[in-house]
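Working notes, beginning with the structure itself.
The values are calculated or read from the model by the stated rules, or taken from the named source; none is laboratory data. Note that this is a predicted model, so its numbers are computed, not measured. Backbone-built Cβ (ideal geometry, glycine too); neighbour counts: all protein chains shown. The accessibility values were calculated without ligands, DNA or RNA, using every heavy atom of the protein model including side chains. Shrake-Rupley method; radii C 1.70, N 1.55, O 1.52, S 1.80 Å.
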Amino acid sequence: PGTRKYTGMVEDCCCDYETVDAINEEVLHPILQELVTLPFFRYFKVKLWCDCPFWPDDGMCRLRDCSVCECPENEFPEPFKKPYSGLSPDSMICQEGKPQATVDRTLDTKVFKGWVEIDNPWTYDDETDNAEMTYVNLQINPERYTGYTGDSARRIWDSIYKENCPKYPSEEMCQEKKALYKLISGLHSSISVHIAYDYFLDESANSWGHNLPLLYDRVLKYPERVQNLYFTYLFVLRAVTKAADYLEQAEYNTGNPEEDLKTQSLVKQLLYNPKLRSACPLPFDEAKLWQGENGPDLKQEIQKQFRNISAIMDCVGCEKCRLWGKLQVLGLGTALKILFSVDGENHLNKPIAFI
Ligand code: FAD
């Protein structure tokens, strides 16, 4: 109910809705579903500690979920350090006690062999700082309903929208600010869709399933939120295709030759898929941005706003939400870096350099 067909071009992008649906269904979704099960993509390296730089008084962040952050290393059950072996919820002694909210930090340090970490000017975390980083197995920590709601969640979204990517009346908003707003709104829609897709329906039966009314109330009822989801999708897709040569040559070495070959082959299938290339050759045209006189200043301003949003992720008071928030903001930050920063010094209009 309430679903309507979207037609025409995705606003500010270069492909139409039907094409995006078709390439997603036929090309991207099947390949990505397989890629995320492979070791290179199923482990995420992240600093999950809840050290919010903005609201030290946030009890939600301090007490409820962050108890896990303060456990000494030797308190972690041994299986946490090994590939997943079917932990029972009881063995997660440091966790808050709700299996659906816990994060398993499966360690697999081999996974990122051969990759050099470089700090990203669009994000708050220092990606080169290995201290306090953990590896999380995303396959056993899917993004879904966690029960995180109320003042803490509201404060995060309010601060993101009000202070860091305000929505002005459209005639007052320049393209670049509009793009930042749409990226965040698209991310928000994506989070809501995941909550609705995998919702905790019945406590007594411990059953999970779709929650269509929630999908409608939070996303489908607002065409703009759906449009922004498509915008964010195309923006990231453009960054991936722009980085194709780099991604093709990158080393996907996790110490498992068979799975690593599969990863490499799937990445190539995605990057050079003829259907994708012909149906949507330029998903988003980044060359149109930062052209005005104040381009460099505007870029500094928007970069600062995005970095702030990235910092706010440390204030998310539910660990699994923080995990996915950080992952997705890092993904958007990487896309912004690929599309907009050039040689680390923010020079504009020069060929992109990947290190
Ligand atoms: P919210 O989703 O909190 O929205 C707040 C307000 O923002 C709305 O009233 C509306 O005015 C506006 N808004 C909503 N959607 C959009 C949009 N797409 N574009 C523009 N404006 C919009 N909960 C989980 O169960 N699982 C998770 O994995 C999870 N991850 C989260 C990650 C982050 C970074 C954050 C901040 C929260 C996360 N949450 C998660 C909580 C979840 O996003 C909601 O905040 C919570 O479910 C309460 O929802 P709500 O109905 O109050 O509206």
Cross-link table Lys177/Lys337; Lys304/Lys337; Lys178/Lys304; Lys5/Lys242, entries beyond 20 Å C-alpha to C-alpha: Lys5/Lys242
Label-point separation, Glu203 to Val36 (7 Å along Cα→Cβ), nm: 2.8 nm
Theoretical FRET efficiency, 1/(1+(r/R0)^6), r = Cβ-Cβ of Asp126 and Arg277, R0 45 Å, to 0.05: 0.80
Efficiency of FRET from Cβ geometry, His194 and Lys47, R₀ 25 Å, rounded to 0.05: 0.65
Gained length - Asp285 relative to Leu212, 0.36 nm times residue gap less alpha-carbon distance: 22.9 nm
Inter-centroid distance (Cα atoms) of region 316-333 relative to region 203-254, Å: 13 Å
Extension reserve of the Lys304-Glu18 stretch, reckoned as 0.36 nm per residue once the Cα distance is removed: 99.5 nm
Cβ-derived FRET efficiency at R0 35 Å, Gln139 paired with Glu172, nearest 0.05: 0.20
Å² of accessible area per residue within region 168-296, as computed with a 1.4 Å probe and no ligands counted: 52 Å²
Linear extension gain, Arg154 paired with Tyr222, 0.36 nm per residue minus alpha-carbon span: 22.6 nm
Carbon/sulfur fraction of accessible area - region 171-281, other protein chains in place, 1.4 Å, %: 53 percent
Ordering of 252-260, 204-212 by packing [mean C-beta count within 10 Å, highest first]: 252-260, 204-212
Estimated distance in nm for a label pair at Tyr161 and Asn294, the labels positioned 7 Å out from Cα along Cα-to-Cβ: 2.5 nm
Label-point separation, Leu327 to His29 (7 Å along Cα→Cβ), nm: 1.9 nm
